[in-house]
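Novice: Just dropping this structure here.
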C-alpha cells in the first residue's frame with residue numbers, strides 16, 4: 001500500500017474535517033498546511049504537527065506532495081487545482097469545484113491531461129440515510145421515481161457575511177444559498193434520481209439580507225430526461241439551521257430524508273429506517289454539526305481509489321454534472337428563463 005504525502009491549502013473552518021480524516025487513514029501523512037494568514041497557518045501546523053506555508057506554490061514546490069486538499073474560498077479552487085494538476089499532483093477539493101462551468105471543465109481537463117485524480121467533496125453520499133435510499137432505488141424495490149422535492153431552510157445572518165471578505169459575493173463565492181448551503185442537498189437529489197437533466201427553471205432573490213450581492217432564497221423545477229420532475233425551495237434567512245428534507249415519491253413507496261436520517265415506507269407496509277451509527281463517529285473538533293461525520297468516509301474512498309488506480313466515486317466528471325445544474329439555476333434565475341440542457 002502506497003504512503004501518500006499530503007498537503008492542505010486553506011486552514012479555515014472546514015480544515016479539521018480534512019486534517020482529522022487524513023490522520024485516520026493509515027496510508028496518508030499530512031506533511032504541510034498552507035494559509036495566506038501566517039498566524040492561522042502556524043496555529044494549524046502546531047495542532048497537527050507539520051510544516052506550514054503561506055504560499056501554496058512554494059509548498060507544492062518544496063514538499064514532494066502526492067495529494068493536495070483544497071479548502072479555500074470557492075473562486076480559488078480552479079487555479080489551485082489546475083496548478084497542482086500541472087505539477088503532477090492529485091487533487092481533492094471542497095465543494096463547489098468552481099463558480100463557473102468553464103472553470104470546472106478546465107479542472108477536469110487539467111486532471112486528464114496530467115494523469116492525476118480529481119476528487120470533489122460531497123460527503124453526504126456516505127451518510128447512512130443516503131446509502132439506504134440509493135441502494136433501495138437501485139434495487140428496483142421502490143419502482144420508478146414519480147417525483148421528488150428538496151427543502152433547505154437555514155440561517156446566515158448579515159453578521160455572518162460581514163465577517164468574511166468573500167462570502168456573499170458573486171465573483172468570489174459565486175452565489176449564496178444555492179452554491180454554498182443547498183448544493184449538497186440538490187446534489188443528493190440529482191444522485192438519487194440518477195438521470196440526465198432536461199431543463200432547469202428557477203427563480204432567485206435576496207429578501208432577508210442588507211449586506212450581500214447574492215441570493216438568499218431560490219426555488220425551482222429540475223426536470224429529467226426520463227420525465228421526472230423535481231422541485232426545490234431553499235433560503236438562509238430562517239431562524240436556525242433546520243434539518244434538510246428530501247422526499248421521493250415512487251411507484252412502490254415513499255422515501256423521506258430528514259437531516260441524515262432516512263425512512264423508506266413501502267406500499268406493502270414494510271419500512272426501512274437508517275440513522276447515523278454512533279460507533280462510526282470521530283471527533284473533528286469544534287465544527288458545524290450539519291457537516292455530518294462522513295468526510296472521513298469519502299476521503300478514505302478517495303485514497304482507496306488512488307491505491308487501485310481507478311477513479312473515485314465522486315470524481316471531477318461527476319462533480320461537473322452537479323456544477324452544470326447549479327450554474328443553470330443561476331442562469332435561469334438571473335435571466336428569468338428556462339435553461340434547456
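Every read-out reported here was derived from the displayed coordinates using simple, explicitly stated rules and does not represent laboratory data. All figures in this text were calculated on a predicted structure; none of them were measured in a lab. Please note: Cβ atoms are built from the backbone with ideal geometry, for glycine as well, and neighbour counts cover all protein chains shown.
Novice: Can you give the relative contact order of segment 4-123 as a percent, counting alpha carbon pairs under 8 Å and 6+ residues apart?
Specialist: 23
Novice: In nm², what is the average projected area of the convex hull enclosing the Cα atoms of the chain?
Specialist: If I average the Cα hull's projected area over directions, I get 17.0 nm².
Novice: Which whole-number percentage describes the relative contact order of the chain, with Cα contacts under 8 Å and a sequence gap of 6 or more?
Specialist: In percent, rounded to a whole number, it is 20.
Novice: Next up: What Rg and what Dmax come out for segment 109-220 when only alpha-carbon atoms are used, in angstroms?
Specialist: 17.3, 48
Novice: Further, regarding this structure: Which ordering of 15, 92 is given by a fewest-first count of other beta-carbon atoms within 10 Å?
Specialist: Least to most surrounded, the residues fall as 15, 92.
Novice: Consider a paramagnetic label point 7 Å from the Cα of residue 267 along Cα→Cβ; state which residues of segment 112-137 have an amide N under 14 Å from it.
Specialist: none
Novice: With runs of 4+ DSSP H residues as the only contributors, calculate the mean residue ellipticity of the chain at 222 nm using -39,500 (n - 2.57) per run, divided by the residue total and rounded to the nearest 500.
Specialist: -10500 deg cm²/dmol
Novice: State the antiparallel share, in %, of DSSP beta bridges confined to the chain, rounding to the nearest 5.
Specialist: Restricted to the chain, the bridges split so that about 60 percent are antiparallel.
Novice: May I ask you to compute the full-extension gain from residue 211 to residue 310, defined as 0.36 nm times their residue separation minus their alpha-carbon distance, rounded to one decimal in nm?
Specialist: 31.2 nm
Novice: Arrange the following residues from fewest to most other Cβ atoms within 10 Å of their Cβ: 8, 22, 228.
Specialist: Fewest-to-most Cβ neighbours within 10 Å comes out as 228, 22, 8.
Novice: GNM on the chain, C-alpha springs below 10 Å: top fluctuator among 146, 65, 186?
Specialist: 146
Novice: What is the distance, in nm, between label points placed 7 Å from the Cα along the Cα-to-Cβ direction at residue 258 and at residue 331?
Specialist: Those two pseudo-labels are separated by 3.8 nm.
Novice: Mind telling me which of 54, 93, 72 comes out most flexible in a GNM of the chain, alpha-carbon contacts under 10 Å?
Specialist: Its mean-square fluctuation being the largest, the pick is 54.
Novice: Rounded to the nearest whole Å³, what is the per residue volume of the convex hull around the Cα atoms of segment 4-123?
Specialist: Taking the convex hull of the Cα positions in segment 4-123, it is 89 Å³ per residue.
Novice: For a quick check: sort 307, 158 by the number of other beta carbons within 10 angstrom, fewest at the front.
Specialist: Ascending number of Cβ neighbours within 10 Å: 307, 158.
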